[in-house]
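Notes follow the structure.
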Amino acid sequence: MKRWIMHVDMDAFFASVEQRDHPEWRGKPVIVGGKAKRGVVATASYEARAFGVRSAMPSAKAHELCPDGVFVAPRMDVYKRESAKIHEIMLHYAPAIEPISLDEAFMDISGLRNHYPSVDAVGRAIKEEIREKTGLIASAGIAPNKFLAKMASDMGKPDGLFIIPYGKEIEILAPLPIRKLWGVGHVTEKKFIEMGIETIGDLQKTPTNVLKSILGNQAGMFKKLSLGIDNRPIESRRVAKSIGDESTYETDMTDENEINRQIALHSDVVAQRLRKQKLAGRTISLKIRFASFRTVTRSITLEVGTDLQEDIYEAAMKLKEKIYFTEGVRLIGITASNLCPPVETIDLFSDKREKQSRAERVMDKIQDLFGKNALRRAIWLEEEKRKNQSDEKEK
(Lines give C-alpha, C1' and ligand atoms only; values in the text may rest on other atoms or scores of the structure.)
Protein backbone atom coordinates (compact mmCIF):
# COMPACT_ATOMS: atom_id res chain seq x y z
CA MET A 1 0.00 0.00 0.00
CA LYS A 2 1.37 3.40 -0.96
CA ARG A 3 1.96 5.89 1.84
CA TRP A 4 0.04 9.15 1.53
CA ILE A 5 0.61 12.05 3.93
CA MET A 6 -1.68 15.08 4.09
CA HIS A 7 -0.68 18.48 5.45
CA VAL A 8 -3.58 20.70 6.50
CA ASP A 9 -2.79 24.41 6.76
CA MET A 10 -5.48 26.91 7.75
CA ASP A 11 -5.53 30.00 5.54
CA ALA A 12 -4.65 33.21 7.45
CA PHE A 13 -5.94 31.40 10.54
CA PHE A 14 -6.11 34.11 13.24
CA ALA A 15 -7.38 36.74 10.78
CA SER A 16 -9.94 34.33 9.32
CA VAL A 17 -11.33 33.60 12.79
CA GLU A 18 -11.71 37.34 13.38
CA GLN A 19 -13.45 37.86 10.04
CA ARG A 20 -15.78 34.96 10.76
CA ASP A 21 -16.70 36.33 14.19
CA HIS A 22 -16.97 39.93 12.93
CA PRO A 23 -18.91 39.90 9.63
CA GLU A 24 -18.33 43.63 9.22
CA TRP A 25 -14.60 42.90 8.76
CA ARG A 26 -15.06 40.44 5.90
CA GLY A 27 -13.39 41.66 2.73
CA LYS A 28 -11.33 44.18 4.70
CA PRO A 29 -7.62 44.05 5.54
CA VAL A 30 -7.49 42.49 9.03
CA ILE A 31 -4.18 42.48 10.89
CA VAL A 32 -3.92 40.43 14.08
CA GLY A 33 -1.22 41.33 16.58
CA GLY A 34 -0.37 44.65 15.06
CA LYS A 35 -2.37 46.85 17.42
CA ALA A 36 0.54 47.89 19.63
CA LYS A 37 2.92 50.20 17.76
CA ARG A 38 5.99 48.33 19.07
CA GLY A 39 4.53 44.87 18.50
CA VAL A 40 4.65 42.52 15.55
CA VAL A 41 2.05 41.12 13.17
CA ALA A 42 0.85 37.60 14.08
CA THR A 43 -1.35 37.04 11.01
CA ALA A 44 -2.59 39.20 8.15
CA SER A 45 -5.68 38.47 6.09
CA TYR A 46 -5.23 38.06 2.34
CA GLU A 47 -6.72 41.54 1.87
CA ALA A 48 -3.95 42.93 4.11
CA ARG A 49 -1.28 40.90 2.32
CA ALA A 50 -2.21 42.73 -0.88
CA PHE A 51 -0.75 45.84 0.81
CA GLY A 52 2.49 43.99 1.59
CA VAL A 53 1.69 43.18 5.23
CA ARG A 54 3.26 39.91 6.39
CA SER A 55 3.52 37.82 9.57
CA ALA A 56 6.38 38.81 11.93
CA MET A 57 6.47 42.31 10.40
CA PRO A 58 6.86 45.19 12.91
CA SER A 59 3.48 46.76 13.67
CA ALA A 60 4.78 50.21 12.78
CA LYS A 61 5.63 49.00 9.27
CA ALA A 62 2.19 47.37 8.92
CA HIS A 63 0.50 50.66 9.91
CA GLU A 64 2.61 52.44 7.33
CA LEU A 65 1.70 50.00 4.54
CA CYS A 66 -1.97 49.66 5.47
CA PRO A 67 -3.12 52.65 7.54
CA ASP A 68 -6.81 51.84 7.02
CA GLY A 69 -6.44 48.21 8.07
CA VAL A 70 -8.40 46.67 10.95
CA PHE A 71 -5.80 46.10 13.68
CA VAL A 72 -6.92 43.69 16.42
CA ALA A 73 -5.31 42.12 19.48
CA PRO A 74 -4.94 38.30 19.37
CA ARG A 75 -7.52 36.14 21.15
CA MET A 76 -5.38 33.08 21.78
CA ASP A 77 -8.01 31.25 23.80
CA VAL A 78 -10.39 31.40 20.82
CA TYR A 79 -7.72 30.30 18.35
CA LYS A 80 -6.76 27.36 20.58
CA ARG A 81 -10.38 26.28 20.83
CA GLU A 82 -10.82 26.40 17.05
CA SER A 83 -7.54 24.55 16.56
CA ALA A 84 -8.76 21.75 18.85
CA LYS A 85 -11.96 21.46 16.76
CA ILE A 86 -9.95 21.18 13.55
CA HIS A 87 -7.67 18.53 15.02
CA GLU A 88 -10.71 16.57 16.20
CA ILE A 89 -12.13 16.66 12.67
CA MET A 90 -8.85 15.33 11.29
CA LEU A 91 -8.97 12.49 13.81
CA HIS A 92 -12.27 11.40 12.23
CA TYR A 93 -10.19 10.37 9.21
CA ALA A 94 -6.90 9.14 10.68
CA PRO A 95 -5.94 7.31 13.89
CA ALA A 96 -3.24 9.89 14.68
CA ILE A 97 -2.24 13.40 13.64
CA GLU A 98 0.89 15.47 14.20
CA PRO A 99 0.08 19.12 14.98
CA ILE A 100 3.06 21.41 14.33
CA SER A 101 1.27 24.63 15.30
CA LEU A 102 -2.27 25.85 16.01
CA ASP A 103 -3.01 26.21 12.31
CA GLU A 104 -1.29 23.23 10.67
CA ALA A 105 -0.92 19.50 11.16
CA PHE A 106 0.10 16.31 9.37
CA MET A 107 -1.96 13.15 9.06
CA ASP A 108 -1.42 9.76 7.42
CA ILE A 109 -4.34 9.09 5.05
CA SER A 110 -2.91 5.94 3.43
CA GLY A 111 -5.71 3.65 4.63
CA LEU A 112 -8.45 6.01 3.44
CA ARG A 113 -7.74 5.11 -0.18
CA ASN A 114 -9.98 2.09 0.39
CA HIS A 115 -12.96 4.37 1.10
CA TYR A 116 -12.55 7.09 -1.52
CA PRO A 117 -12.11 6.93 -5.31
CA SER A 118 -8.91 8.98 -5.13
CA VAL A 119 -6.62 10.75 -2.65
CA ASP A 120 -7.89 14.14 -3.79
CA ALA A 121 -11.41 13.00 -2.81
CA VAL A 122 -10.05 12.44 0.72
CA GLY A 123 -8.62 15.96 0.73
CA ARG A 124 -11.88 17.49 -0.47
CA ALA A 125 -13.86 15.64 2.20
CA ILE A 126 -11.62 16.87 5.03
CA LYS A 127 -11.56 20.45 3.74
CA GLU A 128 -15.36 20.40 3.39
CA GLU A 129 -15.92 19.15 6.94
CA ILE A 130 -13.57 21.79 8.37
CA ARG A 131 -15.44 24.52 6.47
CA GLU A 132 -18.83 23.13 7.49
CA LYS A 133 -18.06 22.78 11.21
CA THR A 134 -15.87 25.85 11.79
CA GLY A 135 -16.66 28.26 8.95
CA LEU A 136 -12.93 28.41 8.18
CA ILE A 137 -10.97 27.56 5.03
CA ALA A 138 -8.04 25.15 4.90
CA SER A 139 -5.47 24.50 2.22
CA ALA A 140 -4.11 20.99 1.93
CA GLY A 141 -1.21 19.18 0.35
CA ILE A 142 -1.09 15.43 -0.27
CA ALA A 143 2.13 13.62 -1.11
CA PRO A 144 4.22 10.52 -0.38
CA ASN A 145 5.86 12.10 2.70
CA LYS A 146 5.74 14.98 5.19
CA PHE A 147 8.20 17.27 3.42
CA LEU A 148 6.40 17.01 0.09
CA ALA A 149 2.96 17.36 1.70
CA LYS A 150 4.08 20.59 3.38
CA MET A 151 5.42 21.88 0.05
CA ALA A 152 2.19 20.91 -1.70
CA SER A 153 -0.07 22.74 0.77
CA ASP A 154 1.73 25.99 -0.05
CA MET A 155 1.29 25.54 -3.80
CA GLY A 156 -2.45 26.10 -4.04
CA LYS A 157 -3.16 28.73 -1.38
CA PRO A 158 -5.66 30.04 -0.54
CA ASP A 159 -8.33 27.30 -0.39
CA GLY A 160 -5.98 24.98 -2.23
CA LEU A 161 -5.63 21.24 -2.67
CA PHE A 162 -2.42 20.22 -4.38
CA ILE A 163 -1.15 16.67 -4.88
CA ILE A 164 2.43 15.60 -5.58
CA PRO A 165 2.06 12.10 -7.05
CA TYR A 166 4.59 9.30 -6.89
CA GLY A 167 7.21 9.60 -9.63
CA LYS A 168 6.73 13.36 -10.04
CA GLU A 169 8.62 14.50 -6.93
CA ILE A 170 11.87 15.56 -8.63
CA GLU A 171 10.09 17.19 -11.58
CA ILE A 172 7.80 19.32 -9.38
CA LEU A 173 10.54 20.38 -6.97
CA ALA A 174 13.19 21.24 -9.58
CA PRO A 175 12.04 24.75 -10.66
CA LEU A 176 11.34 26.00 -7.13
CA PRO A 177 13.76 28.54 -5.56
CA ILE A 178 16.18 27.02 -3.08
CA ARG A 179 14.66 29.01 -0.19
CA LYS A 180 11.55 26.82 -0.51
CA LEU A 181 13.49 23.81 0.73
CA TRP A 182 12.63 22.88 4.32
CA GLY A 183 15.31 24.13 6.71
CA VAL A 184 16.79 26.75 4.37
CA GLY A 185 16.96 30.12 6.15
CA HIS A 186 18.66 33.34 5.07
CA VAL A 187 22.15 32.15 6.02
CA THR A 188 21.86 28.76 4.29
CA GLU A 189 20.21 30.35 1.25
CA LYS A 190 23.17 32.71 0.94
CA LYS A 191 25.59 29.76 1.09
CA PHE A 192 23.69 27.94 -1.65
CA ILE A 193 23.56 31.00 -3.92
CA GLU A 194 27.30 31.54 -3.44
CA MET A 195 27.75 27.97 -4.72
CA GLY A 196 25.61 28.76 -7.78
CA ILE A 197 22.65 26.78 -6.42
CA GLU A 198 19.57 28.97 -6.92
CA THR A 199 16.86 26.34 -7.45
CA ILE A 200 16.08 22.97 -5.91
CA GLY A 201 16.88 21.51 -9.33
CA ASP A 202 20.41 22.92 -9.07
CA LEU A 203 20.79 21.14 -5.74
CA GLN A 204 19.51 17.88 -7.23
CA LYS A 205 22.39 17.93 -9.72
CA THR A 206 25.12 18.83 -7.19
CA PRO A 207 27.19 15.89 -5.84
CA THR A 208 26.89 15.32 -2.09
CA ASN A 209 30.64 15.52 -1.56
CA VAL A 210 30.64 19.05 -3.03
CA LEU A 211 27.82 20.04 -0.68
CA LYS A 212 29.66 18.63 2.37
CA SER A 213 32.48 21.15 1.93
CA ILE A 214 30.00 23.95 2.61
CA LEU A 215 27.15 22.37 4.58
CA GLY A 216 28.98 19.72 6.60
CA ASN A 217 26.75 17.01 8.13
CA GLN A 218 23.59 18.68 6.80
CA ALA A 219 24.60 18.05 3.20
CA GLY A 220 23.02 14.60 3.02
CA MET A 221 19.77 15.79 4.54
CA PHE A 222 19.38 18.69 2.08
CA LYS A 223 20.29 16.42 -0.83
CA LYS A 224 17.59 13.88 0.12
CA LEU A 225 14.95 16.58 0.54
CA SER A 226 15.80 18.03 -2.88
CA LEU A 227 15.03 14.60 -4.35
CA GLY A 228 11.77 14.39 -2.41
CA ILE A 229 13.02 11.76 0.06
CA ASP A 230 11.67 11.98 3.63
CA ASN A 231 11.00 8.84 5.69
CA ARG A 232 9.88 10.49 8.94
CA PRO A 233 6.74 8.97 10.48
CA ILE A 234 3.71 10.82 11.82
CA GLU A 235 4.42 11.56 15.49
CA SER A 236 1.17 11.89 17.40
CA ARG A 237 1.28 14.47 20.21
CA ARG A 238 -2.25 14.35 21.55
CA VAL A 239 -4.86 11.95 22.84
CA ALA A 240 -8.00 11.54 20.77
CA LYS A 241 -11.37 12.38 22.31
CA SER A 242 -13.10 10.35 19.63
CA ILE A 243 -12.12 7.96 16.87
CA GLY A 244 -14.13 7.85 13.69
CA ASP A 245 -14.25 7.08 9.99
CA GLU A 246 -16.48 8.53 7.29
CA SER A 247 -16.75 8.74 3.53
CA THR A 248 -18.38 11.12 1.08
CA TYR A 249 -19.54 9.17 -1.98
CA GLU A 250 -19.20 10.30 -5.57
CA THR A 251 -22.70 8.94 -6.32
CA ASP A 252 -25.59 9.13 -3.86
CA MET A 253 -26.52 5.69 -2.50
CA THR A 254 -30.12 4.46 -2.44
CA ASP A 255 -29.64 0.68 -2.15
CA GLU A 256 -30.17 -0.39 1.47
CA ASN A 257 -27.81 -3.37 1.23
CA GLU A 258 -25.02 -1.08 0.00
CA ILE A 259 -25.69 1.40 2.81
CA ASN A 260 -25.54 -1.42 5.36
CA ARG A 261 -22.28 -2.69 3.84
CA GLN A 262 -20.70 0.75 4.07
CA ILE A 263 -21.73 0.98 7.73
CA ALA A 264 -20.04 -2.40 8.29
CA LEU A 265 -16.85 -1.21 6.58
CA HIS A 266 -16.69 1.97 8.66
CA SER A 267 -17.39 -0.02 11.83
CA ASP A 268 -14.40 -2.24 11.04
CA VAL A 269 -12.07 0.71 10.48
CA VAL A 270 -13.14 2.37 13.75
CA ALA A 271 -12.65 -0.91 15.64
CA GLN A 272 -9.14 -1.33 14.20
CA ARG A 273 -8.20 2.23 15.12
CA LEU A 274 -9.48 1.75 18.66
CA ARG A 275 -7.42 -1.41 19.09
CA LYS A 276 -4.34 0.26 17.62
CA GLN A 277 -4.55 2.96 20.30
CA LYS A 278 -5.51 0.42 23.00
CA LEU A 279 -8.85 2.16 23.56
CA ALA A 280 -12.51 1.22 23.64
CA GLY A 281 -15.55 3.38 22.92
CA ARG A 282 -18.70 3.48 25.01
CA THR A 283 -20.64 5.92 22.81
CA ILE A 284 -21.20 5.00 19.16
CA SER A 285 -22.49 7.62 16.71
CA LEU A 286 -23.87 7.20 13.21
CA LYS A 287 -23.80 10.17 10.85
CA ILE A 288 -25.82 10.25 7.62
CA ARG A 289 -25.75 13.11 5.13
CA PHE A 290 -28.38 12.99 2.43
CA ALA A 291 -28.25 14.24 -1.15
CA SER A 292 -29.89 17.50 -0.07
CA PHE A 293 -27.03 17.98 2.47
CA ARG A 294 -29.46 17.35 5.34
CA THR A 295 -27.31 15.75 8.02
CA VAL A 296 -28.58 13.49 10.80
CA THR A 297 -26.48 12.17 13.69
CA ARG A 298 -27.67 9.61 16.22
CA SER A 299 -25.75 8.22 19.22
CA ILE A 300 -26.07 5.36 21.67
CA THR A 301 -24.06 4.66 24.85
CA LEU A 302 -23.16 1.05 25.63
CA GLU A 303 -22.86 -0.45 29.09
CA VAL A 304 -19.24 -1.42 28.42
CA GLY A 305 -16.71 0.12 26.04
CA THR A 306 -15.91 -1.92 22.93
CA ASP A 307 -13.22 -2.24 20.28
CA LEU A 308 -14.97 -4.97 18.29
CA GLN A 309 -16.43 -4.50 14.81
CA GLU A 310 -19.48 -6.60 15.60
CA ASP A 311 -20.46 -4.44 18.59
CA ILE A 312 -19.95 -1.17 16.72
CA TYR A 313 -21.87 -2.41 13.67
CA GLU A 314 -24.75 -3.69 15.81
CA ALA A 315 -25.00 -0.32 17.61
CA ALA A 316 -24.85 1.58 14.31
CA MET A 317 -27.62 -0.53 12.80
CA LYS A 318 -29.86 0.19 15.81
CA LEU A 319 -29.21 3.89 15.23
CA LYS A 320 -29.98 3.53 11.52
CA GLU A 321 -33.46 2.29 12.42
CA LYS A 322 -34.12 5.70 14.03
CA ILE A 323 -33.34 7.61 10.83
CA TYR A 324 -35.99 8.14 8.15
CA PHE A 325 -34.47 7.61 4.68
CA THR A 326 -36.32 9.57 2.00
CA GLU A 327 -33.47 10.35 -0.41
CA GLY A 328 -30.04 9.19 -1.53
CA VAL A 329 -27.15 9.07 0.94
CA ARG A 330 -24.13 11.27 0.27
CA LEU A 331 -22.04 10.55 3.36
CA ILE A 332 -21.81 7.87 6.05
CA GLY A 333 -19.72 8.16 9.20
CA ILE A 334 -19.16 6.09 12.35
CA THR A 335 -17.56 7.58 15.47
CA ALA A 336 -16.63 6.06 18.83
CA SER A 337 -16.35 8.48 21.75
CA ASN A 338 -16.49 8.38 25.55
CA LEU A 339 -13.16 6.54 25.21
CA CYS A 340 -11.72 4.30 27.90
CA PRO A 341 -9.20 1.46 28.28
CA PRO A 342 -10.55 -1.84 26.90
CA VAL A 343 -12.07 -4.03 29.60
CA GLU A 344 -11.91 -7.81 29.46
CA THR A 345 -15.45 -9.13 29.99
CA ILE A 346 -16.33 -12.71 30.88
CA ASP A 347 -19.56 -14.27 29.68
CA LEU A 348 -20.47 -17.21 31.95
CA PHE A 349 -22.69 -18.78 29.30
CA SER A 350 -20.75 -18.18 26.09
CA ASP A 351 -17.18 -17.66 24.97
CA LYS A 352 -18.29 -16.09 21.66
CA ARG A 353 -17.17 -12.58 22.60
CA GLU A 354 -13.77 -13.78 23.78
CA LYS A 355 -13.27 -15.65 20.49
CA GLN A 356 -14.25 -12.53 18.51
CA SER A 357 -11.76 -10.45 20.45
CA ARG A 358 -8.95 -12.95 19.91
CA ALA A 359 -9.76 -13.30 16.21
CA GLU A 360 -9.70 -9.55 15.62
CA ARG A 361 -6.38 -9.15 17.43
CA VAL A 362 -4.83 -12.01 15.47
CA MET A 363 -6.04 -10.34 12.27
CA ASP A 364 -4.47 -7.03 13.40
CA LYS A 365 -1.10 -8.74 13.98
CA ILE A 366 -1.15 -10.50 10.60
CA GLN A 367 -1.98 -7.24 8.83
CA ASP A 368 0.81 -5.43 10.69
CA LEU A 369 3.30 -8.09 9.57
CA PHE A 370 2.15 -8.79 6.03
CA GLY A 371 -0.10 -5.90 5.00
CA LYS A 372 -3.82 -5.16 4.95
CA ASN A 373 -4.60 -7.69 2.22
CA ALA A 374 -3.01 -10.64 4.03
CA LEU A 375 -6.17 -11.34 6.04
CA ARG A 376 -9.35 -9.32 5.72
CA ARG A 377 -13.08 -9.61 6.25
CA ALA A 378 -15.11 -10.72 3.25
CA ILE A 379 -16.81 -7.30 3.09
CA TRP A 380 -13.44 -5.75 2.18
CA LEU A 381 -12.91 -8.24 -0.65
CA GLU A 382 -16.36 -7.34 -1.97
CA GLU A 383 -15.50 -3.64 -1.73
CA GLU A 384 -12.22 -4.16 -3.62
CA LYS A 385 -14.03 -6.13 -6.34
CA ARG A 386 -16.66 -3.39 -6.66
CA LYS A 387 -13.97 -0.69 -6.99
CA ASN A 388 -12.08 -2.68 -9.61
CA GLN A 389 -15.28 -3.10 -11.63
CA SER A 390 -15.93 0.65 -11.34
CA ASP A 391 -12.37 1.42 -12.53
CA GLU A 392 -12.79 -0.91 -15.52
CA LYS A 393 -16.00 0.88 -16.54
CA GLU A 394 -14.23 4.23 -16.43
CA LYS A 395 -11.55 2.90 -18.78
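The values are calculated or read from the model by the stated rules, or taken from the named source; none is laboratory data. The structure presented is a predicted model; accordingly, all values stated were derived computationally and were not measured. Backbone-built Cβ (ideal geometry, glycine too); neighbour counts: all protein chains shown.
Looking at 41, 32, 70, just one residue is at pLDDT 85 or above, more than 29 Å from the chain's Cα centre (by Cα), of a type in the set (Val, Ile, Thr) and under 14 Å from residue 14 (Cβ atoms), and that residue is 70. Screening 264, 315 for residues that are hydrophobic (A, V, I, L, M, F, W, C), touching a helix residue (DSSP H, G or I) at 6+ places or on another chain (Cβ under 6 Å), in a helix (DSSP H, G or I) and farther than 19 Å from residue 125 by Cβ leaves exactly one candidate, 264.
Scanning segment 42-77 for residues that are in contact with a Cys (Cβ under 8 Å, 6 or more places away or on another chain) and not in a loop (DSSP other than H, G, I, E, B) yields one hit, 48.
Residues that are surrounded by fewer than 19 Cβ atoms within 10 Å (Cβ to Cβ) and either out of contact with any Gly (no Cβ under 9 Å at 6 or more places or on another chain) or under 24 Å from residue 103 (Cβ atoms) (or both): does segment 144-152 have at least one? Looking through segment 144-152, none of the residues is surrounded by fewer than 19 Cβ atoms within 10 Å (Cβ to Cβ) and either out of contact with any Gly (no Cβ under 9 Å at 6 or more places or on another chain) or under 24 Å from residue 103 (Cβ atoms) (or both). Scanning segment 282-310 for residues that are among the charged types (D, E, K, R) and surrounded by fewer than 14 Cβ atoms within 10 Å (Cβ to Cβ) yields 294, 303. Against the list (1) more than 29 Å from residue 84 (Cβ to Cβ); (2) touching a residue at least 12 places away in the same chain (Cβ under 8 Å), the condition residue 187 fails is (2). Just one of the listed residues (84, 105) is of a type in the set (A, V, I, L, M, F, W, C) and part of a helix (DSSP H, G or I), and it is 84. Of all residues in segment 270-281, none satisfies the criterion of being surrounded by fewer than 24 Cβ atoms within 10 Å (Cβ to Cβ), out of contact with any Cys (no Cβ under 8 Å at 6 or more places or on another chain) and aliphatic (A, V, I, L, M). Within segment 77-100, being in contact with a helix residue (DSSP H, G or I) (Cβ under 9 Å, 6 or more places away or on another chain), modelled with pLDDT under 90 and more than 23 Å from residue 277 (Cβ to Cβ) holds for no residue.
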